[in-house]
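Each reported figure results from applying straightforward, stated rules to the coordinates on display, with no laboratory input. From a predicted model like this one, the values you see are computed outputs, not experimental measurements. Here Cβ is always computed from backbone atoms with ideal geometry, including for glycine, and neighbour counts include all displayed protein chains.
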Ligand SMILES: Cc1ncc(C[n+]2csc(CCOP(=O)(O)OP(=O)(O)O)c2C)c(N)n1
Ligand SMILES: [Mg+2]
């Protein structure tokens, strides 16, 4: 059914700073209209929730309109970037879409912009640079930084709006992002929506009394100020000035907006924790009646009444359309987890188009895994202008493992970026770039430190396509694995941790050629792809590497040895130990194992392995990660589920001990599977 046409007053979604100075009354009437519209919608949403017609919960923006409405009206919606918070319905209404679209989101029906996969205000409009929030407070700031930078890199004079509450301002992400924006000179308007409370906790219990949050900016080299967002003309003027300055200077600014939360934290909040009289104080400062009163004094009374009437009728007519919209259906839910596979990039058919090997000549070179990765990254940077790489010490130093050596010199700073120690915000930043046409490759110095970015990887990036339909092409390089006396925090295998969350792809090459191919395959995928790189493989030896037109085969297991007694599955460094064990049993006992290098850990194409198991009836899984909740548990479960009838023996899982990775080589050798232990385990399994 067609959406009702909005009232004329909502036709204009913009406000120019000059209007506020030269012709303030009509400008402020427009601001009032959008504030009033936002308030009416928020209030109706609360009622509909109380009637049981909206599920989950609702967090209202009543009291915050004096901030978010002028901000969204002043923004350049064609170029600017935002991620609205749970108090910013007014911003959403102005930025894009029809009220019915937004209501459909709340009703979680078949018209919902998130296809009802997300609730209440967790929607956005990525095509218009409005990034949907995830619940994790502070998490969206990095993504705003990245998308804004992407806009600037594409020649658009965008400003990004990083919005967060007083509660959210304590998050490490926010501090990381203030530093990152300052360091990179990003045009970001940071806004603290300080409404005095985080849920039930007053600011006096969040910060040392007397703390003025805006003053924190100084230590990041950022200009800042506080504004009273209940004084709408003053707030609008301050925002206009800050936005214009940031747009021009490309320097971030921080605004602490003293704002209000008139209806408590969420629909169920009875606000019993408020001290006596505080709620009444809030009502007295309510920006909507304050603005109205000042405009009535200037003669706008009857016009505002007419506007309110028209808005009220429009909202009701929209509810009449959205409420009976058919419910959401589960079609496409599973297939939408990942963005569809797109066509292969038009790679130059050579190892490295920038060397003598260019121009279609495909000579093989003897390379280590580290060199093969370097060559692949070089190829990507040379042939794909939308690519960039970032990570700690990857510039002049060439990365902790020298995988990025020489790339800064050849491709320069904007495309090869050292980052500060801020994995979470830098991953958020990479996600923002990825959502806007860039294709970042992020190096974690050690896979272990990727846990610092768990929210960004598993909840922001990995869920993006499912909830928004947007592609998030991001390669996350994770040097992993042990055996090098690096101890508990530099040696882990984290595939089970990350891959227990949906929405991530993962490759784990074990040879130089596969490492080269994996970079290209991961790069051109439209999803976040983790590239596990075992550190012990970086310099294990050289092998011939050449351009391989079938590089996409890396997404399937590779059969390394034929065999008929058992099927053996491994990946990473353990593939080499598995091959040695196979050799041993073949030469000593004349028993052959069919060995597969899994290579792709997600998605898991098991067809060939399953057929092998159907033939052999015996299964051995070997990996370096810990046994309990280890990746082998999933492999065994899947294979046994399908081939139970073929089994002649219980499957054998060989993995590391269920311990933190111990430091001393003698201890690590007991912790990890070694050639000797693998042979012993298989021997006793054979009986
Ligand atoms: C990282 C994180 N921890 C806890 C929560 C649960 N939570 C949701 S809203 C909220 C309070 C937020 O306060 P503030 O940032 O001041 O925003 P406000 O709701 O006041 O606008 C909390 C604790 C969360 N969403 N994210
Ligand atoms: Mg708050």
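Observations on the model:
- Across region 429-474, Cα-Cα pairs farther apart than 15 Å form 43% of the total.
- Cα gyration tensor category, rounded, prolate or oblate, for region 216-310 with a/c compared to 1.5: oblate
- Note on region 367-421: Kirkwood hydrodynamic radius from all Cα pairs is 10.9 Å, rounded to one decimal.
- For the Cα trace of region 399-537, dividing Rg by the Kirkwood Rh returns an Rg/Rh value of 0.94.
- Hydrodynamic radius (Kirkwood) for region 449-488, which is based on Cα pairs only, to one decimal in Å: 12.1
- The value obtained for region 551-628, namely the Cα convex hull volume divided by the number of residues, is 99 Å³ per residue.
- The orientation-averaged projection of the convex hull spanning the C-alpha atoms of region 278-415 amounts to 19.8 square nanometres.
- Helical contribution to [θ] at 222 nm, DSSP H n ≥ 4, -39,500 (n - 2.57), averaged over the chain, rounded to 500: -11500 deg cm²/dmol
- Three-way shape call for region 127-270 based on the alpha-carbon gyration tensor, with the a/c threshold at 1.5: prolate
- Each semi-axis of the equivalent ellipsoid for region 1-130 is √(5λ) with λ an eigenvalue of the Cα gyration tensor; in descending order they amount to 25, 16, 13 Å.
- Tilt relative to the chain, helix 369-383 - C-alpha long axis, 0 to 90 degrees, to 10: 40
- Gain upon complete extension [residue 185, residue 11; 0.36 nm per residue less C-alpha separation]: 59.2 nm
- Calculated Rg and Dmax of region 623-687 using C-alpha coordinates, Å: 13.6, 44
- Maximal additional length on extending the residue 451-residue 363 stretch stands at 27.7 nm, based on 0.36 nm per residue less the C-alpha distance.
- Normalised by the number of residues in region 529-651, the average gap of Cα pairs under 8 Å and 6 or more apart makes the relative contact order 28 percent.
- Measuring between their Cα centroids, region 382-397 and region 514-574 lie 22 Å from each other.
- Normalised per residue, the volume of the convex hull around the Cα set of the chain (Å³): 178
- Computed over the chain: relative contact order in percent, which uses C-alpha pairs under 8 Å that are six or more apart: 11
- Gyration tensor (alpha-carbon) shape descriptor, region 567-687, a/c threshold 1.5: oblate
- Crossing angle, helix 512-524 versus the chain [Cα axis fit, 0-90 degrees, rounded to tens]: 20
- Label-point gap, in nm, between residue 686 and residue 393 - each point 7 angstrom along Cα→Cβ: 4.4
- 25 °C / 0.890 mPa s Stokes-Einstein diffusion coefficient of region 59-122, Kirkwood radius on C-alpha pairs, µm²/s: 202
- Against the chain, whose longest principal axis comes from its Cα atoms, helix 140-153 is set at around 90 degrees.
- Contour excess over end-to-end distance, with Cα ends at residue 136 and residue 628 and 0.36 nm allotted per residue: 174.3 nm
- Computed over region 224-323: relative contact order in percent, which uses C-alpha pairs under 8 Å that are six or more apart: 27
- Cα Rg, Dmax, region 455-537, angstrom units: 13.5, 43
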